[in-house]
Amino acid sequence: MAVIKTNDLTYTYPGATKPSIEKVSLTINKGDFVILTGPSGCGKTTLCRCFNGLVPHFYNGKLEGTLTVAGLDVAEHQIYELARHVGLVFQNPENQLFALSVEKDVAFGLENFAMPREEMRKRVEWALKMAGISELAERPPHELSGGQQQRVAIASVLAMQPDIMILDEPTSFLDPLGAEKIFEVINDLNKKLGITTILVEHRLDLAAKYANHVIVMDNGKVALTGSPREIFSSEEARLIGVGIPKATKLYQHLKKNGVELKSVPVTTEEAANLLREVLKNA
Amino acid sequence: MSVFEGFKFRKVSSVVHNLDPRVKFFFVLVLFVMAVLFTNFLALLVLFLVPLPFVFVAKVNRQWLRSLRGAALLAIFIFATNFIFGYFYPTSLSGITQPVDTLFEYVVLLERSVAMTLRFVVLISSFSVFFLTTSPDHLGLALQQSHVPYEFCFAFTTAVRFVPVLADEAQTIMDAQKARGLELERGNLFKRVRNYIPILIPLIVNAIRRSLELAESMESRAWGASKKRTNLYELKLKRADYVLVVISVLMLICAVYVWLFVPVPSLTTLLSL
Amino acid sequence: MLEVKDLFYAYPTGLEALKGINLTVDDGEFLAVMGQNGAGKTTLVKHFNGLLKPTSGEVLVDGVSTRDVSVAKLARTVGFVFQNPDHQLFSESVEEEIAFALKNFGFEETVIEKQVTWALNLLDVLEYRKTSPFMLSGGERKRVALASILAWDPNVIILDEPTIGQDHQQKEKLQQFILQLNAQKKTVVVVTHDVEFVAECNPRVILMRQGKVLVDGKAEKILTDPELLLQASIVPPQITQIFLELADFGLPTDVIDVHVATKVLLNRLRGQS
């Protein structure tokens, strides 16, 4: 079932001479884990802003085409209405936490919905638990590490129980282990709660294994869309400059030299297993 | 990083910290009124002593001393003006009508000037106790529950939240420009002011960018969804708060009574008896 | 040559960031400083151009203690590229931005003109010469920031987290550029936790943890030791992970690069079939 559907979506920022996204038509299904990637400035972030109504309501500008998110026409509904369905987590954790304690930050959206205090308390505790940061509830956000801060940001979006969660390069400031923990939290939410997940990411090495759908954008347009395997092994993806996982790269190098593995690996485990077979038979 | 450490707020818990900020503010206000009522040295000395237990219970003595030290220059100024004015216009001093010349009159003038200085110190001291023991989020909450518009309270807590962040950022920018050969302390006054341009511009540009991101994030989390938003925290008066309210009211009543009916002797007359 | 002798550093808050570092970086070396956020990586490299001075111990740049020289002087030898270009860009045009440091160092007009053009070409931003740096994209701003350091041709170049926020192609460009600098006998020190980036460059690596150097050696030695990496909050490169899984086939376990990996596998498969 489609939870996001766009048709010929074109958007131009106020004062810009050319559109940032152009004729984007795509469908994202309920429960999908989507990786949205492409070179800097390709329109990924703008597309994310469309999904929760920041475009056009916050940024103004000119939006053409149709966009339905969780059954709502984005052009017709305010950002706060969409916020019940779509949560957006940004790249820099520092600029999306504004309270003086973690729990207060997580409660921010619920306070805006005027949720009664008792219920809010429960919801906040649940969100903190899901993000694995219950013990940080009363800490001031600025004393936390980047990884912890980003988990607070996830919890604060999760508290609103959205159907869709969009994360715009959530790990670019984190060390690899911190990044991996974030991806695991996101994956858990996707698999256990069925939250449709859209992850904007350059570091596909780490993120690829969680996704079932990859969208590659280039110059404001959707260039490629399909399963991770299809996309990573395609010549187009390489030409656009997608950072193909090393496991897939190794597959390609071997293939070029006449050794073809049975299928295209995306993760290191898959690559190791495929190689194991070849090595055994050799 | 170093210079700005002092700006950072910390969560501390003590009996005084946990008092309702509104009650604490009322207490400070009472002290304020009393300090204005009295010009007498002994009365002001008592007023100075009243908030001291709070300072020690809350263990903020070092910060408290620092704020007093910060006010020292102004205190000296107040003392000096009072003394000089008292000398040239003695009529303003009770009990002295002729030019100040006897030793006794000098002492009266001195006591009077010290009292006026002490009054200022009492004000500074009690307000600093309030701010040193009230966490910013409590203060924001108190504002909100006192029907100050939410936008204002939000702006206040967010500002507090970003002080350490901006301070760190300023330090990084300074380092980045120093690494490109900028020497802040070089040149005459005009040149020195100009030296700060490469620091101020990135700081401002980044602050604007940051606030835009902040706004985006707030919007995404349903800012403005309902007219009357709720709040995770609520300030409720506890027993200690009621006790402080009673103490404050009693203090005020006593003070007004004394002010009306009991002449407080000056130290000079007391000693010359 | 950079020499670090028994370096301890504590921030004015008392936080001990470096606890006894000994390190020598020879001319023309390529060093990656890796480790968890907060391990002291940036604190360490800020000693190389004197932005921080040792609490105890010594840092020598070409034999001169950083204590005895100003940052502006040291910067002539040691260029420091900060992580975020927005922490340094402030000029009206790219050209002026690049000339900033040269003016601070007191170069002559003609030399400045020549060096600016050279740096613009080097980083492929010549077309933006008259453009405001604030109008450029993230990747371009990064290159302008880099050009503004390389303009004075320092012998040592420090890059703090150069790959953060860069997309795949930008990263690849940056990588080639850094390798090229190193090939021109520049000493390059990179602070990073980007394993794949380090795996592709294969420099000397020091792994830091809690203010100490955990281990010092070639990338292919260190990045293939999962237990060691875990202590520094780093995961092995993907290729290494694959080869570690295949260890029971007697394949080498110190492979970090995809090209080497391909060669090893082909040799093995062809050798036996």
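The values are calculated or read from the model by the stated rules, or taken from the named source; none is laboratory data. What you see is a predicted model; the values in this text were computed from it and never measured. Note: ideal-geometry Cβ built from the backbone for every residue, glycine included; neighbour counts use all protein chains shown. Ligands, DNA and RNA are excluded from the accessible area calculation, which covers all protein heavy atoms including side chains. Shrake-Rupley method; radii C 1.70, N 1.55, O 1.52, S 1.80 Å.
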**Fill in**
Within the range A:19-40, the residues that are out of contact with any helix residue (DSSP H, G or I) (no Cβ under 8 Å at 6 or more places or on another chain) and either among the acidic types (D, E) or without any contact (Cβ under 8 Å) to a residue 60 or more places away in the chain (or both) are A:E22, A:T27, A:D32
**Asked** Within the range A:235-282, restricting attention to residues that are more than 9 Å from chain C (Cβ to nearest Cβ) and among the basic types (K, R), which residue is least open to solvent (accessible area, probe 1.4 Å)?
**Response** A:K255
**Asked** All but one of (1) part of a helix (DSSP H, G or I); (2) open to solvent by 10 Å² or more (accessible area, probe 1.4 Å); (3) more than 9 Å from chain B (Cβ to nearest Cβ); (4) touching a residue at least 24 places away in the same chain (Cβ under 8 Å) hold for C:L120; which doesn't?
**Response** (2)
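Select from the range B:143-160 the residues that are in contact (Cβ under 8 Å) with a residue 24 or more places away in the chain and in a helix (DSSP H, G or I) and list them in ascending order.
At the first step, the residues of the range B:143-160 found to be in contact (Cβ under 8 Å) with a residue 24 or more places away in the chain are B:144-146, B:150, B:158, B:160.
Listed by number, the residues that qualify are B:Q144, B:Q145, B:Y150, B:T158, B:V160.
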**Asked** Is there a residue being facing chain B (nearest Cβ under 8 Å) and of a type in the set (K, R) anywhere in the range A:57-79?
**Response** no
**Message:** Of the conditions (1) open to solvent by less than 10 Å² (accessible area, probe 1.4 Å); (2) farther than 18 Å from A:D105 by Cα; (3) at pLDDT below 95, A:V200 satisfies every one except a single condition; which number is it?
**Reply:** (3)
**Message:** Of the conditions (1) in a strand (DSSP E or B); (2) within 14 Å of chain B (Cβ to nearest Cβ), C:L60 satisfies every one except a single condition; which number is it?
**Reply:** (2)
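Kindly indicate whether any position in the range C:41-51 is more than 20 Å from B:T172 (Cβ to Cβ) and either open to solvent by less than 50 Å² (accessible area, probe 1.4 Å) or in a loop (DSSP other than H, G, I, E, B) (or both). Reasoning before the result, please.
Restricting attention to the range C:41-51, the residues satisfying the condition of being more than 20 Å from B:T172 (Cβ to Cβ) are none.
No, the range C:41-51 contains no residue that is more than 20 Å from B:T172 (Cβ to Cβ) and either open to solvent by less than 50 Å² (accessible area, probe 1.4 Å) or in a loop (DSSP other than H, G, I, E, B) (or both).
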**Prompt:** Are any residues in the range B:44-71 hydrophobic (A, V, I, L, M, F, W, C), open to solvent by less than 20 Å² (accessible area, probe 1.4 Å) and either within 26 Å of B:I253 (Cβ to Cβ) or more than 15 Å from the chain's Cα centre (by Cα) (or both), and if so, which ones?
**Reply:** B:L44, B:L47, B:V55, B:A58
**Item:** Sole exception among (1) at pLDDT below 85; (2) under 30 Å from B:R239 (Cβ atoms); (3) not charged (D, E, K, R) for B:V33, by number
**Value:** (1)
**Of all residues in the range C:85-117 being under 25 Å from the mean Cα position of the chain (by Cα) and away from every other protein chain (no Cβ under 14 Å), the one that is farthest from B:A179 (Cα to Cα)** = C:T117
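Does the range C:140-174 hold any residues that are polar (S, T, N, Q) and in contact with a helix residue (DSSP H, G or I) (Cβ under 6 Å, 6 or more places away or on another chain), and which are they?
From the range C:140-174, those polar (S, T, N, Q) are C:148, C:155, C:163, C:166, C:169-170; that's our starting set.
Those that are polar (S, T, N, Q) and in contact with a helix residue (DSSP H, G or I) (Cβ under 6 Å, 6 or more places away or on another chain): C:S148, C:T163, C:Q170.
Return a yes/no flag: does the range A:209-225 have any residue that is among the hydroxyl-bearing types (S, T, Y) and open to solvent by 40 Å² or more (accessible area, probe 1.4 Å).
Start the filter on the range A:209-225 by keeping residues that are among the hydroxyl-bearing types (S, T, Y), which leaves A:210, A:225.
Filter again for open to solvent by 40 Å² or more (accessible area, probe 1.4 Å), leaving A:225.
Yes, the range A:209-225 contains a residue that is among the hydroxyl-bearing types (S, T, Y) and open to solvent by 40 Å² or more (accessible area, probe 1.4 Å).
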**Request:** Please go through the range B:250-266 and pick out each residue that is more than 26 Å from the chain's Cα centre (by Cα), in contact (Cβ under 8 Å) with a residue 12 or more places away in the chain and more than 10 Å from B:L37 (Cβ to Cβ).
**Result:** B:V264, B:P265, B:S266
**Prompt:** What's the number of the condition B:I201 fails, among (1) away from chain C (no Cβ under 13 Å); (2) over 26 Å from C:K53 (Cα atoms)?
**Reply:** (1)
**Request:** Could you list, in sequence order, all residues of the range A:78-107 that are of a type in the set (F, W, Y) and closer than 18 Å to A:D163 by Cα?
**Result:** A:Y80, A:F90
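Does C:K114 qualify as being among the basic types (K, R) and out of contact with any Ser or Thr (no Cβ under 6 Å at 6 or more places or on another chain)?
On the way: among the basic types (K, R): yes; out of contact with any Ser or Thr (no Cβ under 6 Å at 6 or more places or on another chain): yes.
Considered against the rule, which asks whether it is among the basic types (K, R) and out of contact with any Ser or Thr (no Cβ under 6 Å at 6 or more places or on another chain), C:K114 comes out as yes.
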**Message:** Whether any residue in the range A:117-124 is in contact (Cβ under 8 Å) with a residue 12 or more places away in the chain, more than 7 Å from chain B (Cβ to nearest Cβ) and open to solvent by 20 Å² or more (accessible area, probe 1.4 Å) is what I want to check.
**Reply:** yes
**Prompt:** Only one residue in B:L109, B:L166 is out of contact with any Ser or Thr (no Cβ under 7 Å at 6 or more places or on another chain) and within 14 Å of chain C (Cβ to nearest Cβ). Which one?
**Reply:** B:L166
**Request:** Of the numbered conditions (1) closer than 28 Å to A:A155 by Cα; (2) in contact with a Phe, Trp or Tyr (Cβ under 6 Å, 6 or more places away or on another chain); (3) not basic (K, R), A:T248 fails exactly one; give the number of that condition.
**Result:** (1)
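May I ask you to say which residue of A:A83, A:A127, A:A99, A:A70 is in contact (Cβ under 8 Å) with a residue 40 or more places away in the chain, within 30 Å of C:Q36 (Cα to Cα) and not polar (S, T, N, Q)? Even if it seems obvious, please write down each step before you answer.
Details: A:A83 fails: within 30 Å of C:Q36 (Cα to Cα); A:A127 fails: in contact (Cβ under 8 Å) with a residue 40 or more places away in the chain; A:A70 fails: within 30 Å of C:Q36 (Cα to Cα).
After applying the criteria, what remains is A:A99.
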**Complete:** Residue pairs qualifying under the 6 Å Cβ cut-off, at least six apart or on distinct chains, with the first in the range B:207-224 being without any contact (Cβ under 8 Å) to a residue 12 or more places away in the chain and the second being open to solvent by 50 Å² or more (accessible area, probe 1.4 Å), are B:E219/A:F58; B:A222/A:Y80; B:G224/A:Y80
**Message:** Based on this model, can you work out whether C:V144 counts as within 13 Å of another protein chain (Cβ to nearest Cβ) and outside any loop (DSSP other than H, G, I, E, B)?
**Reply:** yes
**Prompt:** Looking at (1) at positive phi; (2) touching a residue at least 40 places away in the same chain (Cβ under 8 Å), which is the only condition A:G15 fails?
**Reply:** (2)
**Request:** Identify, by number, the condition in (1) away from chain C (no Cβ under 13 Å); (2) at pLDDT 90 or above that B:V129 doesn't meet.
**Result:** (2)
**Fill in**
Only unsatisfied item for B:H147, checking (1) away from every other protein chain (no Cβ under 14 Å); (2) open to solvent by less than 40 Å² (accessible area, probe 1.4 Å), is (2)
**Message:** Looking for something without any contact (Cβ under 8 Å) to a residue 24 or more places away in the chain, part of a strand (DSSP E or B) and either more than 30 Å from C:G138 (Cβ to Cβ) or open to solvent by less than 10 Å² (accessible area, probe 1.4 Å) (or both) - is there at least one such residue anywhere in the range C:65-88?
**Reply:** yes
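Restricting attention to the range A:50-74, which residues are within 17 Å of A:T196 (Cβ to Cβ) and either part of a strand (DSSP E or B) or open to solvent by less than 50 Å² (accessible area, probe 1.4 Å) (or both)? Break it down into steps so the answer makes sense when it comes.
At the first step, the residues of the range A:50-74 found to be within 17 Å of A:T196 (Cβ to Cβ) are A:50-53, A:67-72, A:74.
Passing the criteria: A:C50, A:F51, A:N52, A:G53, A:L67, A:T68, A:V69, A:A70, A:L72, A:V74.
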**Prompt:** Which of (1) open to solvent by less than 10 Å² (accessible area, probe 1.4 Å); (2) under 19 Å from A:S156 (Cβ atoms); (3) within 9 Å of another protein chain (Cβ to nearest Cβ) is the odd one out, the single condition B:S211 does not satisfy?
**Reply:** (1)
